[in-house]
Ligand SMILES: [Zn+2]
């Protein structure tokens with residue numbers, strides 16, 4: 001398995017993060033974001049949570065600020081689409097994303113996975129690749145009751161300290177998730193350990209993604 005540098009110390013990289021709910025981006029790609037910042041990349045990040053109101057919006061904003069501490073620039077948007085009913089809001093979501101496309105020009109997009117069993121996540125995935133066609137799209141994974149974890153084809157090895165920081169921030173910010181029996185440190189560290197095994201991560205931990213299309217430039 002060949003490693004390709006996506007960004008190096010001192011280099012700028014613009015990133016769009018899309019998540020249906022307040023903790024999705026952090027669970028799926030939070031370690032990768034923390035890792036790139038820790039390695040000295042200059043990140044310009046546009047962070048969009050598509051459903052959030054009241055307490056969920058407050059915790060989403062506070063968490064994003066912590067995960068993005070050290071980014072060169074950050075834009076945080078919390079939309080108010082109705083949680084659990086994204087498929088029936090598809091038209092409005094697409095209009096929102098089309099409008100977003102006019103304002104951002106990311107190098108990399110993190111979004112939900114096509115194979116995700118959650119209807120809101122799948123809807124975001126389908127609209128991401130429908131709206132953003134000239135971008136590197138990396139689909140992240142969210143462990144859940146449905147048991148929809150898949151084989152991936154892109155890995156980001158994470159330093160142990162980064163992995164610990166990701167879990168620490170998840171536990172700190174998402175009190176509203178703690179009533180869910182799956183939301184604990186072991187779930188996140190176990191999944192990262194398995195992904196780390198699959199990519200032979202030196203630290204043993206990694207996050208995994210799927211990309212559907214990739215153009216190789218030569219010369
Ligand atoms: Zn979600």
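Between residue 186 and residue 62, the C-beta separation translates, for a Förster distance of 25 Å, into a calculated FRET efficiency of about 0.55. Working from label points 7 Å from Cα in the Cα-to-Cβ sense, the residue 73 to residue 119 distance is 3.8 nm.
For the chain, pairs of C-alpha atoms spaced more than 22 angstrom apart make up 47 percent of the total. By the count of other C-beta atoms within 10 Å, a proxy for reagent exposure, 112, 21 are ordered fewest to most as 21, 112.
FRET efficiency for the residue 85 to residue 164 pair, using the beta carbon distance and R₀ = 30 Å, is estimated at 0.25.
Temperature 4 °C, viscosity 1.567 mPa s: under these conditions the Stokes-Einstein estimate for region 92-133, based on its Kirkwood radius over C-alpha pairs, is 121 µm² per second. Estimated from helices alone, the mean residue ellipticity of the chain at 222 nm is -12000 deg cm²/dmol (sum of -39500 (n - 2.57) over DSSP H runs with n ≥ 4, per residue). Rounded to the nearest 5, the antiparallel percentage of DSSP beta bridges internal to the chain is 25%. Considering only alpha-carbon pairs that sit under 8 angstrom and 6 or more positions apart, the relative contact order computed for region 12-209 is 24 percent.
Each reported figure results from applying straightforward, stated rules to the coordinates on display, with no laboratory input. In this text, all values refer to a predicted model and were calculated from it rather than measured experimentally. With ideal geometry, Cβ positions are generated from the backbone for all residues, glycine too; neighbour counts draw on all protein chains shown.
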